[in-house]
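Take a look at the structure below.
Every number here is computed from the coordinates shown, using simple stated rules; none is lab data. Keep in mind it's a predicted model, so treat the numbers as computed, not measured. All Cβ positions, even for glycine, are placed from backbone atoms using ideal geometry, and neighbour counts span all protein chains on display.
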Amino acid sequence: MKVGVLFTAYKSQGGVYQYYVEILHALSKIKSHDFVIFSVSKDFPLEFKRVKNFKVINLYSRSANFVVMVRGVISYFLYYSRINVMRFFYELHLFGLVALLYKFTQKNLIRRLKNENLDIMIYPTPVYLSFLAKIPFMVTVHDLEHRNRRKFKQTFKRHN
C-alpha cells in the first residue's frame, strides 16, 4: 500500500508538532507499506529522510508559505468577524466559493498528491485539502472534549 502523509507542523506549535513527529515515528516501524511524506514545513525532522520506506517530498518555500499565511489570515478574519462570513457561506450552501480559494492556493500540492498514485492519505489535522484532492483519506479531529464535558464552559457555550 502507498500511503501519503501531509506534514504541515512547525516547532512553534508545540503539541501539534509533537503529534506529527510521533505519527512519523509510528509509521516508520511499519515496513510493509511505502510512505510519501509531503512536507510544507521548514521544521521537518531530518531523521525521517533516512527511513528506507519513506519518500520525503519537501514542498516548503517562503513564497508558498506566504500564500498559506495570507489565506490563513483571510480565513481567520472571515470566520471570526462579527458577521461570521464563513458560516454565512456554509449556511447558504456556498462552500464552493470557499473551496475555490483553497483549490487555487493548493493546486500544485493537489497535483503532486495525485502524481504519486496514493492508496490513502493521512492528514494529522483537519485541512480542506482532504476534500479537494479526491484521494481516500484519514484525518485526526482534535479537541472535541468540550462537547462531552460541561466543565469546559468557556468553550462549550461558544460551540453550541
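What to note about this one:
- Highest to lowest packing among 28-37, 6-15, scored as the average C-beta count within 10 Å: 6-15, 28-37
- Between the amide H of residue 137 and those of 121, distances stay under 5 Å, these residues lying 5 or more places away or on another chain, with hydrogens modeled in the peptide plane.
- Fewest-first ranking of 116, 91, using other Cβ atoms within 10 Å as the exposure measure: 91, 116
- 14 Å Cα-Cα reach of residue 29 towards aspartates and glutamates, excluding residues that sit fewer than 8 places from it in its own chain: 47
- Listed pairs 31/103; 2/103; 31/107; 49/107 exceeding 28 Å between Cα atoms: 31/103; 31/107
- Sorted ascending by nearby beta carbons within 10 Å, beginning with the fewest, 3, 16 become 16, 3.
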